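Notes follow once the structure below has been shown.
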C-alpha cells in the first residue's frame, strides 16, 4: 500500500491528451529572438532567430531602453527587493508613485499594487467574500480560482451575454436574502477570443440588483482609453467598483493592481491575504511599470500596435483564415486539434512562433493559433508572418 503521488502516471496522462508542455529558453524578450530546449541545468543551445507573435508584451516595451533605465534606477535608489511585506517595511516611494499614476489613469481615488495579477484577483475576491459571484464563462483562471477560494457560490453566465447575466440574477433574486452581497466579475478583453465584454450592459444589469462590478483589464491596460483600459474607453470609471489589471503585459514588468475608492483599497491592504502575506513588488518592477505606463499614455506607441493589428487581420482574412475578436489578440481558428498543432510546428520551420491553443483551453472543434503582435514588429516582420501563414496553411491543408 502506498499513499504517495504517482506523478509519472499523471504526466503520461497529459501526454496522451496532448496537454503536456515543455519549457523553452528564450534568449531575449523582443519581437525577434532565439530559443533553446530546456537545458535542465546545462547551458542552452540557441538555434536560429525567430519572429515572436506569441508575446503579451504588446507595446514592445520589455526591452525598451527607457523602461530598462527606470528599472535600474529603482534598483540603485531603493533596492532590488522590497525586503518585506508592504505592511512591514516593504512600502517604498516607488510603489506609492506607481499607485498614484495608476489611480489617475484609472479615474480612481486610489490604487494598490500586488505581486502579480493572479494574486490581485484571488486576494480581492477572497477579501470581499461575496455570497454570490456572477462570472463570465470565459473568465481567466485567476478569477475562477478566486471564486473557488472566496465566494460562497459562483453562478456562471454565458460569455459576453448581459441578458443571460440579468436572467441569472433574476433567478437568484427570487429566493435570495436581501442581505446577500453580490459581485459580477468579467475580463474586459478575453485572452483567447480577443473579444470585449459589453461592460456598459453588464453595469446596467448589476445596478438593477445592487451588485458590485469587478473588471479585470489584464489585456487592456495601457492599450485603450489613454492607457487605462476598456473601462476608461467606455467612460465607466464611476460605474465599475473594482478595477484590476496586470503590469506584466503591455506595461512590460511584473505585478498586478487594484484601483477603486479609498475604502476599497484601505480594506484590501488589510484583508487581502495575497497582499498582506507577500513581499512587496520589487522596486525595479514597480519603477519599470511606472515608466511603461507613462510611455503608453504620452506617446503614440499604441497606434503602432493598432496599425500592425489591422495589417495582420486583413492579410490573414484575405487568405481565407477565420480570425476571431476585435482587438490586438488575433485568434486564427483552425478547428481540428491536430491541424492546429501541425500548423504551429510548421510556422516555426518558417521562423515564426505562434502557439496552438486546443481543448480544454478552448472548446472542441475550435482549436486555433493565438497571434499576438507587438508595436515593435516591422513591416518586414509582418510580411514574413503572413507569408509563413500562407505557405503553412497550404502545406497543412487548411487553406
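By the beta-carbon count within 10 Å of each Cβ, the least crowded to most crowded order of 267, 157, fewest first, is 267, 157.
Placing a pseudo-label 7 Å from each Cα along the Cα-to-Cβ vector at residue 345 and residue 233 gives an inter-label distance of 3.7 nm. Label separation (residue 270 vs residue 167): 4.2 nm, computed from points 7 Å beyond Cα along the C-beta direction. Within the listed set 192, 374, 319, the Gaussian network model of the chain (springs between alpha-carbon atoms below 10 Å) gives the highest mean-square fluctuation for 319. Counted residue by residue at 0.36 nm each, then reduced by the alpha carbon distance between them, the extension gain from residue 158 to residue 15 reaches 48.4 nm. Which of the three applies to region 65-298, rounded, prolate or oblate, going by the alpha-carbon gyration tensor with a ≥ b ≥ c and a/c under 1.5 meaning rounded? Prolate is the answer for region 65-298, as a/c is 1.5 or above and a/b outweighs b/c. GNM, the chain, Cα, under 10 Å: largest mean-square fluctuation among 28, 188, 237? Maximum fluctuation in the GNM of the chain, among the listed residues, is at 28.
Cut-off 10 angstrom, C-alpha nodes, Gaussian network model of the chain. Which of 48, 238, 381 fluctuates the most? Of the options given, 48 has the highest mean-square fluctuation.
Let me make sure I get this right: for region 352-399, a, b and c are the square roots of the gyration tensor eigenvalues over alpha carbons, sorted descending. Under 1.5 in a/c it's rounded, otherwise prolate if a/b > b/c, else oblate. Which is it? Intermediate results must be reported in sequence, preceding the final value.
Working: a/c = 3.83, a/b = 1.46, b/c = 2.63.
Because a/c hits 1.5 or more and a/b fails to exceed b/c, region 352-399 counts as oblate.
Would you mind calculating the gained length between residue 22 and residue 395 on full extension (0.36 nm times residue separation, minus the Cα-Cα distance), in nm to one decimal? Mind dumping the intermediate values first?
Working: separation 373, 0.36 × 373 = 134.28 nm, distance 2.54 nm.
The span from residue 22 to residue 395 would gain 131.7 nm if fully extended.
Ranked by Cβ crowding within 10 angstrom, fewest neighbours first, how are 93, 390 ordered?
Numbers: 93 12, 390 18.
Lowest count first: 93, 390.
Classification of region 152-249 by its C-alpha gyration tensor yields a prolate form. The axis ratio a/c (a ≥ b ≥ c) is 1.5 or more, and a/b outweighs b/c.
Between region 175-203 and region 345-399, how many Å separate their Cα centres? Between the Cα centre of region 175-203 and that of region 345-399, the gap is 31 Å. Modelled label positions at residue 131 and residue 38, each set 7 Å beyond Cα in the direction of Cβ, lie 4.6 nm from each other. Of the labelled figures (1) 21.3, 75; (2) 21.7, 65; (3) 20.6, 71, only one reflects Rg and Dmax of the Cα atoms in Å as derived from the coordinates, namely (2).
No lab work stands behind these numbers, since they all come straight from the coordinates. None of the values given here were measured: they were computed from a predicted structure. Cβ atoms come from the backbone with ideal geometry, glycine included; neighbour counts cover every protein chain shown.
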